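Laboratory data are not the source of any read-out in this text; all were calculated from the coordinates shown. Note that the coordinates shown come from a computational prediction; the quantities given were computed from them, not determined experimentally.
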Amino acid sequence: MFYDVLQASAVAAPYVSYKRETFLRPESAEVAFPVSLLQKDVGLGLELAREHHLDLPVATTVGRVLEDARRAGLADRDMAEVVRLLRNDNQMEETMTSSDTLSTGQIDDLEDRRYAAMVDADLDALDELLSDEVRYAHSDASVDSKASYLEILRNGTLVYHSLEHTTEAVVSRPGVVIVGGTMSGSIRMNGAAKTLNSRVVAVWVAEDGRWRLLAFQPTRIPG
């Protein structure tokens, strides 16, 4: 039904009709344009946008979806396979909402996405991942709200050059997941280069059908 409406709308194009069966049945699609190439093209567009200080929220979301598809092993599959990923994500979100719990893989994915967004200064991704009430502490004992944390990334006060992280322990309760581990890397803060080596605790909470970071606390490892 949706595709019939799409074909009859103002956005209809020959390509819409041409790819109809591919998008309706992506599992049987032959590879016409792989996810990896589409991700490369979108990535080049986003890189150019950043160079010109342009905010492209829709393209940024597309880029995140394509990265999820790559991680799901779809890099060499036709781009229509992304539809299957989105269907599964919707099912996963419904399950998550009803159970308010996370699997180990889902926890790892959230943490991977957060650290990648920090290094990339992907403010759109961080806006999605951080709770509006987040308390983000730093190893110098300063604490940021969501607004102030995004601002120091936006204006270059804080720049993450590289980050590595581990997960050593997870405590899960309905609607809350506490992740303990380590974080290391290099940053620039107020123009000064610094090295990070900390034990960290991240608190994730279920909010309106999605999981967001509510609190982050690092403790510097001596030496």
Using the Karplus curve 6.51 cos²θ - 1.76 cosθ + 1.60 with θ = phi - 60°, what ³J(HN,Hα) values do you get for each residue of the stretch 147-154, in whole Hz, with x for Gly and Pro? 4, 6, 5, 5, 5, 5, 6, 5
Assuming 0.36 nm per residue, please report the length gained on full extension of the stretch T61 to L86 beyond their Cα-Cα distance. 7.8 nm
